[in-house]
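**Q** Sharing a structure, written as structure tokens. Questions coming.
Nothing in this text is a laboratory measurement; each read-out follows from the coordinates by a stated rule. Remember, predicted model here, so these are calculated numbers, not experimental data. Using ideal geometry, Cβ is built from the backbone for each residue, glycine included, and neighbour counts are taken over all protein chains shown.
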Amino acid sequence: MTDIIRNITQKKISRRSALAGLGAGASLLAMPWAARAADDTIRIGFPTPLTGPFAAEAKDQVKSAELAVKQFNDKGGIGGRKIELLVRDDKLNGGEAATRTLELIEKDKVHAIVGSLSSAVQLAVNEVTRARGVIYVSISQSDTINELKDFSKFTFHEALNPHMTAGAVARHTFKKGAKVAYLSADYAYGHEMLRGFKRAQAAIGAESVGELLHPFGAADYSTLMPRLRSMRPEILCISNFGRDQANSIKQAVDFGLKQQMKIVVPVLLHNQRLAVGPEVFEGVVGGANYYWGLESEIPSAKAFNDAFRAANNGAIPTDYGAYGYTGIYSLLLAMQAAGGTDTEKVIAALEDLKYNIAKGPQHYRKCDHQSIQSVLVLESKKKSDMKSDMDLFQVVANEPASEEVLRSCTELGFPG
Amino acid sequence: MDAELILMQLFSGVALGAILVIAALGLSIIFGMLGVVNFAHGALFMVGAYAGLWVASVTGSFWWGLLAAPIMVGVFGMVVEYVLVRPLYGRSIDDPLLLTFGLSYVLVEAVRMIFGSDGIPFPTPPQLTGVWDLGVGFFPIYRLFVVGVVILVLVLLWLGLEKTKFGLIVRAGARDPTIMKVLGVDISKVWLLVFGLGAGLAALGGVLAGPMRSVNPEMGSLVLAEAFVVTVIGGLGSLLGSIIAGVLVGIAISMTALFAPEMATIVMFALMAIVLLIRPEGLFGKLA
């Protein structure tokens, strides 16, 4: 109980600093012309859901994105040009995101867009940037954004896709002949993750003993538990996001399912683990793009963490937060290589780019612009094994960057 | 599909129904007695969960939180009635509705400012963790405890309203406040207490829900919708109706989960639509 109080007081502090950051962002909003006076500034638009249920993840993204911009500016910018980040609240709404993105392009004359957190919102932003021919680095999970029908040559997908995450988790938890039950949220994210898991299941030779869908945003999962138990799976695979993840895992644990089956999730969320505590998540396995604990092995992770800590009073970057950093940083590296902001040149530079800035080597695949990168498989730690409040997960596996784990270019519909 | 699973599903439905009943009770009481549609009901539920969590953290005991939160929020409810709602009596039903709608935003933002917008863990009290073997399946002890508390609250409420003088005044006041005033009863005091009771019950629902789901500032919005559905099906203002409707909705959700779990939310609204088509006043409502 005492650490709850500590958590609350800590949150207060982090919230205050977050507000200060927002305030600074708002003052930039208030006088955009002031910053543009010199007018060779490189402007990057950053729509993200600052309000709503993903607000915590969004604020982490902004902090990380600001860090990347600051690091480039401290080194003198790109070819002497300063970089400016224009953060906008997309309110987790596709229409809002499209409007803000259009404004960023038309009014603020941004040179590129990076951002968005939800897969549906990301596709709305993608429509606008594709139509306007503006570079977009997407930092939200999606498989469809890689497929030919949604493809835009201006779009680069820095986030993992459901295929990579679900595949990695399955490879480290499923065995031949293992019985797997699936509980998935009934919307794009849940469906895409389920598809990823089932593809891996077939390759491994595991067996599905049942699939249930639940309504998006459900608070009570009790009526699903008897059925999940009666399927007698060895592995329960829960594919949902945000608070749905916290609630469904908590209730599965309350119903004693964890004693009978292993719970796995496609993405093990830092903030949701904090929201329900170590006892509930103990032993749950899931994928991730980033975990701060990588710093003991990967020098670029150490450098990123240290810079983040220095800029944020010792706080550590989270999974979805890190996307803000790698998304902005890779784009700026490409602009540096291209010697400016010319769209065609930057696209070519992004396609040729090899970068290692937070989690080991990464590059964008030429055909679908998916970032080839390592995928982490994490296991939530027991409370007694935690060395600090932030020592949440143990790295079970760090699958190195490889095209093998992706669908091939031809499978996605690209020629050759 | 075996009989055990169906029995278990039925039981889960009744237990879920109990949670829905406690969530709807405060809304139903305030509407039934005062004619006020309290849109801040969900927010009060959420504030109750945070108040319970806060008291539990300070005292180190869930039980103090369970006891203190309804009282704290109940007193807050009385303040709201006295200061905000009272001037609106006698005006159209929309005015208090809009007022409480606005209040719910204020409460959610206030909680965000104090506790942050992330979820906060609310551990199940150690005495109530684990599962019980019901013979047909396992059920969390904590949820059985919640069902027990709901039954206790309903019995106390029934005794209070049916067997005491105060209850008589409340029921009479709901029928005809003017006559009560003529008879020399200070009806405004009764309204104050009824609003406090409704707010307190919302908070009790919130504390009880805390250990079952993550506690966050938006947790009340879904509860508000559920409470409305239950109240409308039962008949606006009918306490017995809310209780029966709550259990009915719980069972409907649970049985749907057997065949098409993704429809579990929609079935609640479908049930409401059907009831409204056949009996527009709700199962136990009186035609105005």
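**Q** Hey, could you grab the Kirkwood Rh for the protein assembly as shown? Inverse mean 1/r over distinct alpha carbon pairs, Å, one decimal.
**A** Numbers: mean 1/r = 0.0371 Å⁻¹.
Mean inverse Cα-Cα distance, inverted, gives 27.0 Å.
**Q** Then there is this: Restricting things to alpha carbons, tell me how big the stretch A:211-340 is in terms of Rg and Dmax, in Å.
**A** In order Rg, Dmax, the Cα atoms of the stretch A:211-340 give 18.6, 61 Å.
**Q** Dividing the Cα radius of gyration by the Kirkwood radius, what Rg/Rh value follows for the stretch A:245-318? Spell out each step's value before the answer.
**A** Numbers: Rg = 14.9 Å, Rh = 13.8 Å.
A ratio of 1.08.
**Q** While we're on this one: Specify the inter-centroid distance of the stretch B:90-125 and the stretch B:36-64, based on alpha-carbon positions, in whole Å.
**A** 11 Å
**Q** Among the DSSP beta bridges whose two residues both lie in the protein assembly as shown, what percent are antiparallel, rounded to the nearest 5? Provide the component values of the computation, followed by the final result.
**A** Details: 19 of 54 bridges.
So the antiparallel bridges amount to about 35 percent of the total.
**Q** For chain B, give the magnitude of the charge dipole about the Cα centre (Cβ charges: +1 Lys/Arg, -1 Asp/Glu; no others), in debye to the nearest 20. Don't jump to the answer; show the numbers that get you there.
**A** Working: 13 positive and 15 negative charges, 170 e Å.
Value, rounded to 20: 820 debye.
**Q** Return A:C409, A:C237 ranked ascending by Cβ neighbour count within 10 Å, so the fewest neighbours appear first.
**A** Values: A:C409 18, A:C237 29.
By the 10 Å Cβ count, ascending, the order reads A:C409, A:C237.
**Q** Let me ask something else about it. I need the fraction of alpha carbon pairs in the stretch A:290-416 separated by more than 17 Å, rounded to a whole percent. Provide the component values of the computation, followed by the final result.
**A** On the way: 5118 of 8001 pairs.
Value for the stretch A:290-416 (Cα pairs over 17 Å): 64 percent.
**Q** Would you calculate, for the protein assembly as shown, the mean residue ellipticity at 222 nm contributed by helices, counting each DSSP H stretch of 4 or more residues as -39,500 (n - 2.57) and dividing by all residues, to the nearest 500? Provide the component values of the computation, followed by the final result.
**A** Numbers: 26 runs with 393 residues, N = 704.
Mean residue ellipticity, 222 nm, calculated: -18500 deg cm²/dmol.
**Q** Using Cα atoms only, what is the angle between the long axis of helix A:243-254 and the major principal axis of chain A, expressed in degrees (0 to 90) to the nearest 10?
**A** Taking the Cα atoms of chain A, the angle to A:243-254 is about 20 degrees.
**Q** As a quick test, which of the pairs A:K82/A:K153; A:K198/A:K262; A:K153/A:K366; B:K181/B:K286 have an alpha carbon distance above 19 angstrom in this structure? Please list the in-between numbers first.
**A** Details: A:K82/A:K153 26 Å; A:K198/A:K262 17 Å; A:K153/A:K366 10 Å; B:K181/B:K286 24 Å.
Beyond 19 Å between Cα atoms: A:K82/A:K153; B:K181/B:K286.
**Q** Can you tell me the convex hull volume per residue for the stretch A:183-224, based on C-alpha atoms, in Å³ to the nearest whole number?
**A** Details: hull volume 2.5 nm³, N = 42.
That works out to 61 Å³ per residue.
**Q** Is chain A best put as rounded, prolate or oblate by its Cα gyration tensor, with a ≥ b ≥ c the root eigenvalues, rounded for a/c under 1.5, and otherwise prolate when a/b is larger than b/c, oblate when not?
**A** Working: a/c = 1.81, a/b = 1.42, b/c = 1.27.
Note, shape of chain A comes out prolate.
**Q** Let me ask something else about it. Can you grab the distance from the C-alpha centre of the stretch B:202-266 to the C-alpha centre of the stretch A:182-239, Å, no decimals?
**A** 24 Å
**Q** In the stretch A:105-189, which trypsin sites (Lys or Arg not before Pro) are in a loop and have at most 15 other Cβ atoms within 10 Å, using DSSP for the loop call? Intermediate values should be presented prior to the final figure.
**A** Values: sites: A:K107, A:K109, A:R130, A:R132, A:K149, A:K153, A:R171, A:K175, A:K176, A:K179; in loops: A:K107, A:K109, A:K153, A:K175, A:K176.
For trypsin sites (Lys or Arg not before Pro) across the stretch A:105-189 that sit outside H, G, I, E and B with at most 15 neighbouring Cβ atoms in 10 Å, the list reads A:K107, A:K109, A:K153, A:K175, A:K176.
**Q** Give the angle, between 0 and 90 degrees and rounded to the nearest 10, that separates the Cα long axis of helix A:343-352 from the longest principal axis of the Cα atoms of chain A.
**A** It is inclined by approximately 40 degrees.
**Q** Can I ask one more? Under 21 Å between alpha carbons, and skipping anything fewer than 8 positions from B:K163 in its own chain: which lysines qualify?
**A** B:K189
**Q** Ranked by Cβ crowding within 10 angstrom, fewest neighbours first, how are A:T410, A:T223, B:T256 ordered? Working shown, then result.
**A** Values: A:T410 10, A:T223 25, B:T256 22.
Going from least to most buried by this count: A:T410, B:T256, A:T223.
**Q** Is the stretch B:61-194 rounded, prolate or oblate when judged by the Cα gyration tensor, a ≥ b ≥ c being the square roots of its eigenvalues, rounded requiring a/c under 1.5 and prolate requiring a/b larger than b/c?
**A** Working: a/c = 2.79, a/b = 1.45, b/c = 1.93.
Oblate, since a/c reaches 1.5 and b/c is not below a/b.
**Q** Which order results if A:K366, A:K59, A:K302 are arranged by neighbouring Cβ count within 10 Å, fewest first? If you can, show how the numbers build up before the last one.
**A** Working: A:K366 12, A:K59 25, A:K302 15.
Placing the least packed residue first, the sequence is A:K366, A:K302, A:K59.
**Q** Something else about it: Can you tell me how the stretch A:105-199 classifies by the Cα gyration tensor, rounded, prolate or oblate, using a/c under 1.5 as the rounded cut?
**A** On the way: a/c = 3.14, a/b = 2.75, b/c = 1.14.
Prolate is the answer for the stretch A:105-199, as a/c is 1.5 or above and a/b outweighs b/c.
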